Each structure stands twice: as structure tokens, then as C-alpha cells.
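Take a look at the structure set out below.
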Amino acid sequence: MRFQIRFIDIVDIVLVAILLYKTYKMLKGTSAIRVFFGILIFVLGWLVVNFVFGMQLMGGLMNQIVNVGAIALIVLFQEEIRQFLSMIGSDNRLVLRLFGKFFSSKKTSLVESDAMQIVIACKNLSKQKIGALIVLRQGDDLRSVEITGETLNANISTRLIQNIFFKNSPLHDGAMIIADSKIVSAGCILPVSHSLDVPKECGLRHRAALGMSEKYDALCVIVSEETGNISVAMKGELKLNITTEDLESVLSNGEIMKKGTPQK
């Protein structure tokens, strides 16, 4: 029998390859990566047994495992599946291509003067080695995180940021949420990342910032209490030991800063 490859078969292979690569990239550095490779090897063996050798007994046994395993995978990888779907939904370029402007996320704008207040506050906190964690909302609704802290709805100012993160302040251990040119809340509790790629010298603030950026469309600024170094987390990536000039650039390039007066 002549073996033929149709165009749709090539598209099918490419789509599966992209899906596997995205899954690998998402699980890389986590404890689930070994399970992923184990499942991949089992699926390849199942395909060979059923479609290459046509072994009915072994194929039937493996079919039953696959049928039950699909439900087990949903339970086992529920957090990773949620992150994968969230990553697709938060990709504004993909949303714009598929649905246009109707379903695109509205980015939070921050005037340049407010951005500089944040930069100066982080610079001063860094010099004094006072820990801080600031979350700047972008496209996602963060109300579920905001309610874990104290509501402020205050104007952004260097002194207020420094006072909140002062070591004797009751709110210094939590995170500050900034949205719509306002300090919305402080002392908030963030989800912690379980990634194994986080350097050992990074503390809980860095893991919380990374976890927040993995789950939500937000930019997180961290000031280390041990070293005074400034770091940022965005889109599941952590950038360590940046300068205040780099921080200002990140705020601008992250599309959370807009020159002029913020739109009401």
C-alpha cells in the first residue's frame, strides 16, 4: 500500500509539535516536567503498539489506561492547565487577531510623574535595604487579590510608598497594588510560584512576584530586604538586580506608563 502524506497531515503534525513545545516550556523547571516526559514516552509507545504493529491485546490494555489517564491528567495538572489557558487568554496579540478590539484587555495607564514616584521610592528603599513588593495592574482584574489587603485608594507618592514598606509598618510584609494611578491597597497576599528556576538567593517576595506574574497580567517590582537589589517580574519571567534606570524603562516598555494626564 502506498504511503501518502496529505497537507492536513502536515498541519496536524505542526500543531501537535507546537502544543508539545508550549507545554514543555511551561513545565520546564518544575517538578511536573518528569511526569510530562513519562506521559510523552507512554503516548509514543501507545501509538507504536496500536498503529504500527497493530498489537490488539497490548493495544487494548493501553487504550484502557489512556481512557482513565485522561481524567487523571486533568486532576494532576489542573494548575498547569489553568496557567496554560490563562497564558492564551492574556496574549493580547492573539486575542486581537482572533476577536478584534471587542475582547482585547484594557491596559492600565500610568502618568510619567507617577512612574517616577515609584522609581524614586524604590531607589530610596534599596539604599536603606527595606523590602518592598509593588504590583502594577495591566490588563487583568486584580480585585480577588486586592481584597486580601487594606483598601487605600490613595494618590501615588514616594513618601507614602516608603511609609507603607517601613519595617515597623503593619503593611510592610504584604504587597502593594497600584492601578488607575492610585495605590488601591496594601498588605495584600499574592500567589507563590513553585518554579524550580528561581535562584536560591531569592526570597518569598521574589516567589510571590513571579507567581503573581504567572497568574495575572501584572508587572511586579521587588526590593530585596537582604541585598537592596531591585528586580521585576512580568509574564512569568524574573529579571534580577536591575538599575533604577532599567526600572524606569521597564515601566515604560511594559505599557503601564503613558505621558500626560491619565484618562478618566
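Quick note: the coordinates plus some simple rules give every number you see, no bench work behind them. These numbers were taken from a predicted model, which means no experiment stands behind them. Using ideal geometry, Cβ is built from the backbone for each residue, glycine included, and neighbour counts are taken over all protein chains shown.
Sort the following peptides by mean Cβ neighbour count (other Cβ atoms within 10 Å, averaged over residues), highest first: 193-200, 234-241, 113-120.
On the way: 193-200: 13.4, 234-241: 15.9, 113-120: 19.5.
For the peptides 193-200, 234-241, 113-120, the packing ranking is 113-120, 234-241, 193-200.
Taking a ≥ b ≥ c as the square roots of the eigenvalues of the Cα gyration tensor, the range 112-253 is rounded, since a/c falls below 1.5. Residue-wise HN-Hα couplings along the range 13-22, as the Karplus relation 6.51 cos²θ - 1.76 cosθ + 1.60 with θ = phi - 60° gives them from phi, are 5, 5, 5, 5, 4, 5, 4, 5, 5, 5 Hz; Gly and Pro carry x. Taking only the alpha carbons of the range 117-194, we obtain Rg and Dmax values of 11.9, 34 Å in that order.
Among 220-233, 163-176, 144-157, what's the highest-first ranking by average C-beta atoms within 10 angstrom per residue?
Peptide ranking by packing, descending: 220-233, 163-176, 144-157.
Of 25/215; 123/235; 215/239; 123/167; 129/215, which sit over 26 Å apart, Cα to Cα?
The answer is 129/215.
Taking the average, over residues, of other Cβ atoms within 10 Å as the packing measure, peptides 123-130, 178-185 rank 178-185, 123-130 from highest down. First select every other residue whose beta carbon is under 9 angstrom from the beta carbon of residue 235; then total the charges, Lys and Arg +1, Asp and Glu -1. Net of charged neighbours comes to -3. Residues with beta-carbon under 10 Å from that of residue 130, excluding residue 130: net charge, scoring Lys, Arg +1 and Asp, Glu -1? Summing Lys and Arg as +1 and Asp and Glu as -1 gives +2.
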